[in-house]
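Colleague: To start, I am sharing the structure in question, which I have written as structure tokens.
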Amino acid sequence: MLKSVAPDSGTSAPENSILDSTIEEVAAAIADKQAADGHWVYALEADATIPAEYILLNHYVDEVDPKTEGKLANYLREIQGAHGGWPLYHGGDLDMSASVKAYYALKLVGDDIDSPHMVRAREAILENGGAARCNVFTRISLALFEQVPWTACPLIRVEVLLAPRRTPLSVMDKVSYWSRTVMVPLLVLQALKPRASNPSGIGVQELFVIPPEEEKNWLQNPTGHWLGDVMLFADKIARHIVPYMPKFAQRRAIEKAMAYIMERLNGEDGLGGIFPAMANTLMVFDALGYSKSDPTYVTARKAIEKLLVVDGEVAYCQPCLSPVWDTALAAHALLEAGHPGDDPVITRASKWLKDCQILDVKGDWSINRKNVRPGGWAFQYRNDHYPDVDDTAAVVTALDRTGDLDLRESVARGAEWVVGMQGSRGGWGAFDADNEYYWLEHIPFADHGALLDPATSDVSARCVSMLAQLGYDRDHPVMKRGLKYLRKEQEANGSWFGRWGTNYIYGTWSVLCALNAAGEDMSAPHIRKAVTWLRSVQHEDGGWGEDCSSYWSDRETVEIESTASQTAWAVLALMAAGEVDSEEVRRGVNWLLSAPRVGGKWHEELYNAVGFPKVFYLLYHGYSSYFPLWALARYRNLKTSNTQFPAYGM
């Protein structure tokens, strides 16, 4: 049952008794959710694409599971949009690729195409151009199921893996970690061109406006730039060369691809720790004739099964698992709420995090940072080749806050790795340094717009916060460059872009906390401009809510109903700017105290994070627990202390 109290006008100060009882109740609920070994993990929900792809995968490898697929189908029917198709986030516009995959998945599990929901979906897909307008990844799936010819897919050969490093053709060294782990097995599939088992022989030809064999306009310029036209022309020329390419080169390239996959298979945590890479790997094993009882195949399959979330008769498949991120942030919230560093809840979390640190694997990040020692943390349980800067900064600051002297070495190694990953422009990317080969965004394969991992304000702010907390002075070269980068990245309206959380509220929270921690003058004009922007987007009810569509330039100001996570970020941001006594903060705190919640979790069904802007969105189910607690506890701490500013940057 949702718990709430009568909404307040927001002008009166929160009652201490309500504030204290809420903090205590939520903190206790979060502590109770801790696993016996010390970690937290909350569900991570994406859009229709991942559960639909799970069903497609089962039918590709002929491992049909009617019971599980039926529960996934229930979920897909539940999240169908009012427009008839499937959106990328709750309440969003129809997305063609998600809609085609969801429709195909439902047809595979046995839904009658003449049933009302299937008719609505089909009509919506056709009205928006049909399945030919899907993105590249979806067209490759359709090609594997023989629904479109392979000419519908851009030409990108597995032989690129043989290209000398530092040459333009060495694409795999230049794309992001997630693109790399998805593309390497995909290149093998494109080379082998296997056929899905598809035991029921089901297709979706009814979703095409023009029959696929007659369609001539498959490939598009993803950016509209003249360089995209050049890439399209190069694709046409290359198709005439392919028949003359030596077969031994393809064989060698496939061998190199498989060596890459096997080295990074990552046990039951899967290649790259992300579903698309895991699914592509399983299809490659099937295409190469691996027995379903082969230990490698079995392990790869188990990694996928661990992503399922089943709730009665409804289930969905997560894109990945987020235990390190959840544990670091939950620990921060509990520390803010008054749990001491030697509290058993915190010490268990600290030990678990310490044991997850990656100290002996030089992952793909070392391509651009050969002389940097490992020392980071990954997002998932294990993903040793792909630690990320954001998680590492969050973990380091959490461990440092405990005051546990036994954690000093872990903190130092983590900070050393983060410093080593700073980019040449002063900012930090998530998984790689200087992964900014922007010419690659123009290749036909890049129509999803998420091929690279450039530096971003939110990740960079987390790093600056970490360094400031560890005592780095503003005049330290690393800090100076990081702060300069953040100032330069401020938007014209005063906000900062949020790459990994929705969106400008998240980015502005991240940066204001970093600037505060670094000792910046919080009365400076650029900081007051950010405060003015935050005030301007506060809702009448006292909360904040920013729509996922704000990533489109013509929809940057679209708002949604107030949400707990975004309200918490805004309150934390304003307090970092010295606004703890402001009416806006009081109203935000009152909104959190009165908003519906169940125990330690505020009600939040709207998506609050981003995989890839405009392409892939996420709902972190933990965000509506630990972020509101963090904001309320910090408010209490600041109101009862002698300082106007937080003691910790994050």
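Colleague: At most 16 other Cβ atoms within 10 Å and a DSSP loop assignment: could you name the trypsin sites (Lys or Arg not before Pro) in the stretch 160-215 that fit?
Modeller: Within the stretch 160-215, the qualifying trypsin sites (Lys or Arg not before Pro) (loop, at most 16 other Cβ atoms within 10 Å) are 165, 166, 195.
Colleague: Among residues other than residue 155 whose Cβ falls under 12 Å from its Cβ, what is the net charge (Lys/Arg +1, Asp/Glu -1)?
Modeller: With Lys, Arg at +1 and Asp, Glu at -1, the net is +1.
Colleague: Here's a follow-up. Hey, any idea what the orientation-averaged projected area of the convex hull of the stretch 123-275's Cα atoms comes to, in nm²?
Modeller: 11.3
Colleague: Residue by residue through the stretch 130-135, which ³J(HN,Hα) values in whole Hz follow from phi under the Karplus form 6.51 cos²θ - 1.76 cosθ + 1.60 (θ = phi - 60°), with glycine and proline marked x?
Modeller: Values per residue, Gly and Pro as x: x, 5, 5, 8, 5, 6 Hz.
Colleague: Rounded if a/c is under 1.5, else prolate if a/b is larger than b/c, else oblate: which is the stretch 309-365, with a ≥ b ≥ c the root eigenvalues of its Cα gyration tensor?
Modeller: Taking the square roots of the gyration eigenvalues as a ≥ b ≥ c, the stretch 309-365 is oblate.
Colleague: Got a number for carbon plus sulfur as a percent of the chain's accessible area, 1.4 Å probe?
Modeller: Whole-percent figure for carbon plus sulfur exposure: 53.
Colleague: May I ask you to give the solvent-accessible area per residue for the stretch 132-261, in square angstrom, as obtained with a 1.4 angstrom probe?
Modeller: Here the residues of the stretch 132-261 average 49 Å² of exposed surface.
Colleague: With just the Cα atoms defining each centre, how far is the stretch 330-390 from the stretch 576-650? Give it in Å.
Modeller: Here the two parts' Cα centres lie 23 Å apart.
Colleague: Once the convex hull of the alpha carbons of the stretch 501-576 is built, what does its volume come to per residue, in cubic angstrom?
Modeller: For the stretch 501-576, the hull spanned by Cα atoms encloses 87 Å³ per residue.
Colleague: May I ask you to evaluate 6.51 cos²θ - 1.76 cosθ + 1.60, the Karplus curve with θ = phi - 60°, for each residue of the stretch 558-569 and list the ³J(HN,Hα) values in order in whole Hz, giving x for glycine and proline?
Modeller: Here the 3J(HN,Hα) series is 5, 10, 10, 4, 4, 10, 5, 5, 5, 5, 4, 4 Hz.
Colleague: Figure the gain on full extension for residue 32 and residue 298 (residue separation times 0.36 nm, minus the Cα-Cα span) and round it to one decimal in nm.
Modeller: 92.4 nm
Colleague: Taking 20 Å as the cut-off for C-alpha to C-alpha distance, list the pairs among 101/614; 174/216; 71/101; 488/529; 306/351; 302/351 that go past it.
Modeller: 174/216; 306/351; 302/351, as the Cα separations exceed 20 Å there.
Colleague: Another question, if that's okay. List the residues, sorted by chain then number, that are 5 or more residues from residue 618 or on another chain and whose placed amide H is less than 5 Å from its amide H.
Modeller: It is 608, 609, 610, 611, by chain and number.
Colleague: Relative to the compact globular guide of 2.2 N^0.38 Å, what is the alpha carbon radius of gyration of the chain, as a ratio?
Modeller: For the chain, the normalised Cα radius of gyration comes out at 0.96.
Colleague: Between the alpha-carbon centers of the stretch 131-191 and the stretch 402-481, tell me the distance in whole angstrom.
Modeller: Measuring centre to centre over Cα atoms gives 28 Å.
Colleague: Could you compute how much accessible surface residue 603 exposes when probed at 1.4 Å, giving the result in Å² to the nearest 10?
Modeller: Only protein atoms counted, so the area is about 100 Å².
Colleague: Something else now. Quick one: net charge around residue 294, please, counting Lys, Arg +1 and Asp, Glu -1 for every other residue with C-beta under 13 Å from its C-beta.
Modeller: In short, +2.
Colleague: Between beta-carbons, use under 10 Å as the cut-off and find the net charge around residue 336, counting Lys and Arg +1, Asp and Glu -1.
Modeller: Summing Lys and Arg as +1 and Asp and Glu as -1 gives +3.
Colleague: Within straight cross-link reach of residue 67, meaning Cα distance under 19 Å, which aspartates and glutamates are found once same-chain residues fewer than 8 apart are removed?
Modeller: Cross-link targets: 53, 78, 111, 112, 305, 311, 313.
Colleague: Right, here's the next one. On a full-extension model of 0.36 nm per residue, what is the gain between residue 536 and residue 202, subtracting their alpha-carbon distance, rounded to one decimal in nm?
Modeller: 115.0 nm
Colleague: What do you reckon, how do 640, 151, 563 stack up by accessible area (1.4 Å probe), largest on top?
Modeller: Most to least solvent-accessible, the answer reads 640, 151, 563.
Colleague: Working out 0.36 nm times the residue gap between residue 237 and residue 642, then minus their Cα-Cα distance, what length gain in nm do you get to one decimal?
Modeller: This chain segment gains 138.8 nm when fully extended.
Colleague: Still on this structure, please answer the following. With a 1.4 Å probe and all protein chains left in place, how much accessible area per residue does the stretch 492-636 have, in Å²?
Modeller: Value for the stretch 492-636: 27 Å² per residue.
Colleague: Quote the relative contact order of the chain in percent (integer), defining contacts as alpha-carbon pairs under 8 Å separated by 6+ residues.
Modeller: 19
The values are calculated or read from the model by the stated rules, or taken from the named source; none is laboratory data. Model, not experiment: these values are computed from the prediction. So basically every Cβ, Gly included, is an ideal-geometry build from the backbone, and we count neighbours across all protein chains shown. Heads up: the accessible areas ignore ligands, DNA and RNA and are worked out on the full protein's heavy atoms, side chains in. Shrake-Rupley method; radii C 1.70, N 1.55, O 1.52, S 1.80 Å.
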